[in-house]
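Down below is the structure, laid out as structure tokens.
Taken together, the values in this text are just the output of simple stated rules run on the coordinates, not laboratory data. Keep in mind the model is a prediction, meaning the values are calculated, not measured. Every residue, glycine among them, receives a Cβ derived from its backbone with ideal geometry; neighbour counts consider all protein chains shown.
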Amino acid sequence: MTREEKALIIDELSQKFSNTPYFYITSAAGMSVGEVNVLRGLCFDKGIEYRVVKNTLIKKALETLDTDYTPFDAEVLKGFSGVMFHPESGKVPAQLIKEFKKTTGSDKLKFKGASVDSSVFVGESQLEVLTTLKSKQELIGDVIGLLQSPAKNVISALSSGGNKLAGILKTLSEKED
């Protein structure tokens, strides 16, 4: 690979990393061709772009960004690396990795690290956290639901209380007769 080709790949990766807020770095070392094909099929079905890239090129592309990715240097950018990009959700690639391990019964696909909205996650132990991560839309929906809940309770109490009060007044007025 020539320097010009490497520079093009680094530039392309830099743009991809800066434009995609959710990316995962994995290792598929030791996987058979069939397992890799299953992985690529799952990625395609879930809208995930999967690319195998040299660690040095990934590192140089990450250095061009504003976020500090130095935690990736020690553990993540070693050995065989593949990058998963998802444009909309930080948990879809994590769910895909777990699904792949479950369906194939293989632990050959390893989670090495991820960047989710500029937060860095390193190590296989972080995979469970990432699978339960809520998207921005889900969090906004939760907040709106929480904000609406007290108002609904007040309106409900007032409307039901009004009916009870009217019933009590009617009963009291009938007793006086």
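To keep it simple, each residue is scored yes or no on (1) surrounded by 12 or more Cβ atoms within 10 Å (Cβ to Cβ); (2) over 20 Å from Lys136 (Cβ atoms); (3) not aromatic (Phe, Trp, Tyr).
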| position | (1), (2), (3) |
| --- | --- |
| Thr2 | no, yes, yes |
| Pro21 | yes, no, yes |
| Asn37 | no, yes, yes |
| Leu42 | yes, yes, yes |
| Phe80 | yes, yes, no |
| Val83 | yes, yes, yes |
Checklist entry - Within the set of pairs 6+ apart or on separate chains, which have a first residue in segment 101-115 that is without any contact (Cβ under 8 Å) to a residue 12 or more places away in the chain, a second that is surrounded by fewer than 16 Cβ atoms within 10 Å (Cβ to Cβ), and C-beta atoms under 9 Å apart? => result Lys101/Asp107
Item to check | Selected residue (only one of Ser27, Ser14 is in contact (Cβ under 8 Å) with a residue 24 or more places away in the chain, of a type in the set (Gly, Ala, Ser) and out of contact with any Phe, Trp or Tyr (no Cβ under 8 Å at 6 or more places or on another chain)) | outcome: Ser14
Item to check | Complete set of residues in segment 78-99 that are in a loop (DSSP other than H, G, I, E, B), touching a Ser or Thr at 6+ places or on another chain (Cβ under 8 Å) and closer than 24 Å to Gly30 by Cβ | outcome: Gly79, Phe80, Ser81
